[in-house]
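Below is one structure, written out as structure tokens; comments come after it.
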């Protein structure tokens, strides 16, 4: 009996010392975690347009942001890269842009890839190179768009004895006029990333005017006519209105094209390129928690103990911040607890309280945990009064490499 008392005493001391050690360990982990919040150096990969090669043929970084740099051919003012999964369409791509600073003459570019790529996936990368256009090239672009607008408008209005007949609806005409401009600029981009927003309501109103034009209104035309227009007043009046519409569309396109554009001069594509394979890790939690047995604010009944368990993340934190930091955890408390009635609280499964709960990362390795504890009371060597209690606690999380290939 004396030996049993000594054994219980040492067991209590060991348990007390272990719990104090766990508290100190958690405090130490919290202190060590703070410097880890400093952002580390971002990896950089190099793209060679001459070789059409990236990262010297090695897989791209995965599950982390990185930089793409490269040498610029002479005259290049803009580089755009589109990245998308190899089995997807380019419409799903993430676009990243580098632009030369005003009046600068750079020799290299650097693009920041803000959205990490997934591990062990294949991606397609398309690089678009633009240089500045000169006055001659801009004049050619303007003339081509002006000619197409005028040809389209003249081809879709017919003059007859009763009035002007439109071959397409007003809505369709507005859409097609915008398409003419956008198609003419398909290989160009604005230096300030300003897209052509379509023709204004002024053009729309002028189109409505032409659609509703009746040639009997020609007698109200107060514009000066010479002798050559005698006998052709109706046609002359109709052509005047059409000419005004054509001039208006040209003026609005000129307003957008008043500054030189950048012209697409080269496209480089790398198809089905792999990313790095990340190893699998098992998150292990070691922490300290309090379990609520009952009572109110003034007579709170609770127990505390260190615990350990494993976690199953609800998402990848590199792609979804909230779910990536959350996980479902399960494990066991290291020691039994005692309630307000001095009853030892154990567990029905392995002789220790077990838990399941949700956890959320606060820092890189620190987690807040909350959930339920499965307990029982040990009476006459039998487990009785199996009960579930709520608990909250903090833990440190460590990833253990499983050595499995992704």
Failed condition for residue 284, given (1) closer than 27 Å to residue 65 by Cα; (2) at pLDDT 95 or above, with all others met?
(2)
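Hey, any hits in region 274-285 for a residue that's more than 30 Å from residue 120 (Cβ to Cβ) and part of a loop (DSSP other than H, G, I, E, B)?
Applying the first criterion (more than 30 Å from residue 120 (Cβ to Cβ)) to region 274-285 yields none.
Checked against the condition, which is being more than 30 Å from residue 120 (Cβ to Cβ) and part of a loop (DSSP other than H, G, I, E, B), region 274-285 yields no hits at all.
Of the residues in region 47-80, how many are assigned to a loop (DSSP other than H, G, I, E, B) and more than 23 Å from the chain's Cα centre (by Cα)? Give the steps one after another, and end with the answer.
Going through region 47-80, the residues assigned to a loop (DSSP other than H, G, I, E, B) turn out to be 49-52, 58-59, 61-65, 72-75.
When the remaining residues are screened for being more than 23 Å from the chain's Cα centre (by Cα), the result is 49-52, 58, 72-75.
Within region 47-80, residues that are assigned to a loop (DSSP other than H, G, I, E, B) and more than 23 Å from the chain's Cα centre (by Cα) number 9.
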Quick one: residue 90 ticks every box in (1) loosely packed, with under 10 Cβ neighbours inside 10 Å; (2) within 23 Å of residue 272 (Cβ to Cβ) bar one, so which box is it?
(1)
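The values are calculated or read from the model by the stated rules, or taken from the named source; none is laboratory data. For clarity, every value in this text was computed on a predicted model and none was experimentally measured. Note: ideal-geometry Cβ built from the backbone for every residue, glycine included; neighbour counts use all protein chains shown.
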